[in-house]
1. Tell me yes or no: at least one residue of region 28-45 is under 24 Å from Gly148 (Cβ atoms) and either in the same structural domain as Arg149 (by TED's automatic domain parsing) or in contact with a helix residue (DSSP H, G or I) (Cβ under 9 Å, 6 or more places away or on another chain) (or both).
2. So which residues in region 25-53 are crowded, with 16+ Cβ neighbours inside 10 Å, touching a residue at least 60 places away in the same chain (Cβ under 8 Å) and more than 14 Å from Phe381 (Cβ to Cβ)?
3. So, restricting to helices (runs of 4 or more DSSP H) that lie completely within region 118-185, which ones have at least 3 residues that are more than 20 Å from the chain's Cα centre (by Cα) and free of Cβ contacts under 8 Å to residues at least 40 places away in the same chain?
4. From the residues in region 187-236 that are modelled with pLDDT under 95 and out of contact with any strand residue (DSSP E or B) (no Cβ under 7 Å at 6 or more places or on another chain), which one is surrounded by the fewest Cβ atoms within 10 Å (Cβ to Cβ)?
5. Find the residue count for region 333-364, including only residues that are surrounded by fewer than 16 Cβ atoms within 10 Å (Cβ to Cβ) and under 17 Å from Ile299 (Cβ atoms).
6. Taking the condition of being touching a residue at least 40 places away in the same chain (Cβ under 8 Å) and part of a helix (DSSP H, G or I), how many residues in region 186-201 meet it?
7. Residue by residue through region 248-291, note down the ones that are charged (D, E, K, R) and closer than 23 Å to Ala127 by Cα.
8. Is it the case that region 6-18 has a residue that's surrounded by 15 or more Cβ atoms within 10 Å (Cβ to Cβ), out of contact with any His (no Cβ under 9 Å at 6 or more places or on another chain) and modelled with pLDDT under 90?
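The values are calculated or read from the model by the stated rules, or taken from the named source; none is laboratory data. Just so it is clear, the model here is predicted, and its values are computed rather than measured. Cβ atoms come from the backbone with ideal geometry, glycine included; neighbour counts cover every protein chain shown.
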Amino acid sequence: MSHENHTLGGEQSGTRILVLGGGYAGVLAAVRVARRTRRRGGRVTLVNPSDRFVERLRLHQLSTGQQLADHRLPDLLAGTGVAFMRGLAVGLDRTARTVDVDTQDGRRQLGYDILVYALGSVTDTDAVPGAADHAYTLAGPAAARLAGRLTELAAAAGRVAVVGAGLTGVESAAEIAETFPGLGVTLLSRDEPGPMMGDAARAYLNRGLDRLGVEVRSGADVTKVLPAGVEVAGDPEPVAADAVVWTIGVRALPLAEQAGLAVDAQGRILVDEALRSESDPAVYAVGDAAAVRQPWGMIHGTCQSGIPTAAHAADSIGRRLRGRRPKPFRFGYIHQPVSLGRRDAVIQFTHADDSPRRWYLKGRAAVRYKELVSGSPPAFFRLSRWFNVPILMLVPGRGPRWLRRGR
């Protein structure tokens with residue numbers, strides 16, 4: 001094991017800031033904190049198992065075999081002052097302030113003064129028997145395997161069951177039905193699709209699913225995943241399916257809990273108003289890895305909430321190194337965007353607590369809006385060095401709401 005406790009890259013001075021995780025929150029935190037701390041000698045390193053940036057907002061497209069842009073983390077980080085290390089974080093020693101990283105060249109040990117924990121979450125396939133063994137998720141290589149399986153099934157007029165009618169489940173069912181019209185697609189959930197939406201937007205969503213031929217079974221409590229379908233509570237016959245897509249339940253990776261950090265029931269790090277760990281002030285947590293409470297309740301994991309946490313943590317670190325008191329994190333939701341294939345979508349605008357407003361967009365206007373807020377990762381991260389939320393929000397009744405400059 002190579003040891004890099006007090007030096008990184010041969011330098012002897014400056015604050016060592018280590019960012020774990022190369023998703024939206026991790027990359028944003030890294031490039032922004034590098035700008036915030038460069039005059040104070042901040043040395044920022046981002047660690048991620050792959051050098052490819054995965055657009056989690058588009059995993060439902062990847063799972064149907066669509067080709068996405070190939071964004072590489074070294075390219076996204078070029079010119080930002082952030083060093084990139086490809087490797088998997090496997091151990092965290094909070095006393096020594098080191099992280100063990102498995103790389104292609106063996107295990108390395110990186111030292112840090114400040115750690116930004118942005119390892120995100122994974123779909124929880126352990127909650128229901130059989131899900132881990134027989135269901136597909138949308139993450140990583142599983143999405144590519146699902147795309148191959150769907151292509152096989154399309155030629156044989158197979159059936160697909162999508163479990164979960166939240167945003168991910170709805171988008172997955174719609175994308176599969178549109179891409180493979182010969183497949184029978186069933187959406188199974190305890191709740192009706194789009195439960196967070198108002199009546200009008202939800203009705204439009206249901207019409208869209210019906211137009212695509214998606215069979216919706218609400219009130220279905222899946223109790224077991226089988227090799228050829230799922231069991232539903234109260235139903236004597238299993239729901240037949242040649243492939244099962246699992247989109248419900250998330251859990252954080254175990255590294256934080258294993259290191260003795262205080263976490264919630266999902267394994268997310270408990271944080272204070274500055275997004276520092278309640279049990280270790282040297283650790284900041286962002287995105288899906290953080291349990292963040294607001295006056296109206298707990299934030300749920302989406303890019304919409306994860307991106308502001310990353311920006312705020314970076315700003316908090318910058319203020320800390322300047323000897324200034326960090327500001328409390330404040331966040332409110334704006335919208336819930338849902339795609340219904342490539343040619344249709346619905347956008348529910350929300351109050352800060354994610355409850356629906358009366359405004360919504362539908363059809364082509366909603367498609368254009370969703371593409372706008374999804375954005376291009378290179379442009380997104382360039383803007384995020386300076387701005388709190390690097391997108392233009394089109395709010396009904398108010399018109400465009402432009403970027404607010406970060407401080």
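1. First, pick out the residues of region 28-45 that are under 24 Å from Gly148 (Cβ atoms): none.
The answer is no; no qualifying residue exists.
2. Arg36, Thr37, Gly42, Thr45, Val47
3. Details: elements: 131-134, 141-155, 167-179.
The helices (runs of 4 or more DSSP H) meeting that bar are 141-155.
4. Pro236
5. Residues of region 333-364 that are surrounded by fewer than 16 Cβ atoms within 10 Å (Cβ to Cβ), as a first pass: 342-343, 351-353, 355, 358, 363-364.
Filter once more, keeping what is under 17 Å from Ile299 (Cβ atoms): 351-353, 355.
Number satisfying all stated conditions: 4.
6. Filtering region 186-201 for residues touching a residue at least 40 places away in the same chain (Cβ under 8 Å) gives 186, 188-189, 194, 196-198, 200-201.
If we keep only those that are part of a helix (DSSP H, G or I) too, we end up with 200-201.
Of the residues in that region, 2 qualify.
7. Filtering region 248-291 for residues charged (D, E, K, R) gives 251, 257, 264, 268, 272-273, 276, 278, 280, 288.
Result: Arg251, Glu257, Asp264, Arg268, Asp288.
8. Within region 6-18, the subset surrounded by 15 or more Cβ atoms within 10 Å (Cβ to Cβ) is 8, 14-18.
With out of contact with any His (no Cβ under 9 Å at 6 or more places or on another chain) added as a condition, the list becomes 8, 14-15, 17-18.
So of that shortlist, the ones also modelled with pLDDT under 90 come out as 8, 14.
Yes: region 6-18 contains one or more residues that are surrounded by 15 or more Cβ atoms within 10 Å (Cβ to Cβ), out of contact with any His (no Cβ under 9 Å at 6 or more places or on another chain) and modelled with pLDDT under 90.
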